[in-house]
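Student: The structure follows.
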Amino acid sequence: MKRSLTPILASLFFLLVGSASASPENPAGGEGQGLQPAILVGIAIMLLAAKVCGELFERMRAPAVLGELFAGVVLGNLVLFGLNGAEWLKTNEVVAALAELGVIILLFEVGLESDLKEMIEVGWSSLLVAVLGVIAPFLLGWAVSAYFIPDQATLVHIFIGATLCATSVGITARVFKDLGKLNTREARIILGAAVIDDVLGLLILAIVAGAIKAAGTGTVLSMLDIGLIALKSFAFLIAAIAAGHFLMPRTLRGAGRLESRGVLLTLAISFCLLLSWAAAKVGLAPIVGAFAAGLTLDDVHYKPADGRTQRDLHDLLQPVSTVLVPIFFVLMGLKVDLRLFGQLNILGFALVLTLAAIAGKQICAFGVVEKGVNRLAVGLGMIPRGEVGLIFAGIGATLMLPSVSGVSQPVINSSTFGAVVIMVIITTLITPIVLKWALEKTSNGKRKG
């Protein structure tokens, strides 16, 4: 392992030293200046750090996404050792734009991996598990936030509750796959519920973000306004999925006659970006459009007319996501200030928020209506927040609310952001351990019986 990582670690060291001496005050460049070289160095540092730490975490059988997040935390806190070379990355517009593209591609991938047919097949159990798994963490998160940071606005507490809603199903799916239980009833219920979780979580995000934007202009949303936002979100998802199912197959059949390379990937990403734009135009987060695009294209295969090899869209998208998505997670890590964790009240907030995130998902086990299903495994499988919680927190950091003194402040400030990151890390790390234990416990019990 040391030999394979030594060249990358050496490159990372020299790039870090280079950025420390070359970081400009305005790395994006002024008018007519173009892109300054320091930006290229900064992005190279972020990508190398993400891959090195991702590799280390995977060798420890932890998700690579935590390694990418850890890389950002390390880079963002080098200032504690007198190294300021990475500080400008936190606020650079080019890096922020690349990270936003990364999160759009990430939600597109999540949509591609979601199976609407499977969700419908598992029926009421998935629906009830998802609904309970959204309501309980939302209310618990709201309560914890109101207790620990009572001086914040109610909308801040509501938003923090929303960050606990969604489930990152990739971790759970990996555990089921490793144990050869991906086709079990428990796995299908969790995977189906996770799709509904994502949809409900995005709807809550749309409503809360709308309320925050209205509050920022001095207005208050009525129940009618909230209902209209929810209706608009549902209508957008349904219209986007319907349009995609009717239009994209014909478009792809026509594209199959083209001889140029990368036709399917270009069409798919263009469709994703267009739906992201459409979502923004109707007042929703662009990631809602990206997720809808993924749901639409979840079973797309490219069938060239000349007999060339058929390609799966998810495989084609991998190189793009491999470059863009880590930039988002490293940027999220860069925003974590470790100095804040010297304050016991913030650590307490983070730990209790984590407990609320775990306990809230256990309540969803009561939604399993079928007999013979391991309810404990279902509840434990819904725990990880992963990338979805970070996406919500990242959006919260960009939304502004006026304080009591009238000064606009981010909904998710630096201390709250750090607490959410701790919650994401703990829930993501413990899920493989406790889920494997629950499944093996059930298997051993059946053998004894």
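The values are calculated or read from the model by the stated rules, or taken from the named source; none is laboratory data. Small disclaimer: the values here were computed from a predicted structure and weren't measured. Note that each Cβ is placed from the backbone with ideal geometry, even for glycine, and that neighbours are counted across all protein chains shown. Just the protein is used for accessible areas: all its heavy atoms, side chains included, with ligands, DNA and RNA removed. Shrake-Rupley method; radii C 1.70, N 1.55, O 1.52, S 1.80 Å.
Student: Can you pull out the residues in segment 134-155 that are open to solvent by 90 Å² or more (accessible area, probe 1.4 Å) and not in a helix (DSSP H, G or I)?
Tutor: Pro150, Asp151 - these are the residues of segment 134-155 that are open to solvent by 90 Å² or more (accessible area, probe 1.4 Å) and not in a helix (DSSP H, G or I).
Student: List the pairs whose first member sits in segment 72-85 and is more than 16 Å from Lys335 (Cβ to Cβ), whose second member is among the polar types (S, T, N, Q) and crowded, with 17+ Cβ neighbours inside 10 Å, and whose Cβ atoms are under 7 Å apart, counting only residues at least 6 apart or on separate chains?
Tutor: From segment 72-85, the pairs are Gly85/Ser19; Gly85/Ser23.
Student: Checking the structure you have, find out if any residue of segment 288-303 is surrounded by fewer than 18 Cβ atoms within 10 Å (Cβ to Cβ) and modelled with pLDDT of 80 or more.
Tutor: There is no residue in segment 288-303 that is surrounded by fewer than 18 Cβ atoms within 10 Å (Cβ to Cβ) and modelled with pLDDT of 80 or more.
Student: A further question on this structure: Mind counting the residues in segment 224-250 that are open to solvent by 30 Å² or more (accessible area, probe 1.4 Å) and modelled with pLDDT under 75?
Tutor: Qualifying residue count, segment 224-250: 4.
Student: Does at least one position in segment 101-122 carry a residue that is more than 22 Å from Ala285 (Cβ to Cβ), buried (at least 18 other Cβ atoms within 10 Å of the Cβ) and of a type in the set (A, V, I, L, M, F, W, C)?
Tutor: Yes: one or more hits.
Student: So which pairs qualify, if the first residue must be in segment 413-438 and within 16 Å of Ala64 (Cβ to Cβ), the second must be open to solvent by 40 Å² or more (accessible area, probe 1.4 Å) and assigned to a helix (DSSP H, G or I), the Cβ gap must be under 8 Å, and the two must be at least 6 apart or on different chains?
Tutor: Pro432/Arg174
Student: Further question on the same structure: From the set of residues in segment 415-433 that are more than 14 Å from Ile391 (Cα to Cα) and at pLDDT below 85, which is farthest from the chain's Cα centre (by Cα)?
Tutor: Once the filter is applied, the top-ranked residue is Ile433.
Student: How many residues, within segment 177-210, are among the aliphatic types (A, V, I, L, M), open to solvent by 20 Å² or more (accessible area, probe 1.4 Å) and closer than 30 Å to Ala235 by Cβ?
Tutor: 6
Student: Could you check segment 35-52 and list, in sequence order, the residues that are within 20 Å of the chain's Cα centre (by Cα) and of a type in the set (A, V, I, L, M, F, W, C)?
Tutor: Met46, Leu47, Ala49, Ala50 - these are the residues of segment 35-52 that are within 20 Å of the chain's Cα centre (by Cα) and of a type in the set (A, V, I, L, M, F, W, C).
Student: Additional query: Find the residue count for segment 368-387, including only residues that are more than 17 Å from Trp437 (Cβ to Cβ) and not in a loop (DSSP other than H, G, I, E, B).
Tutor: 2
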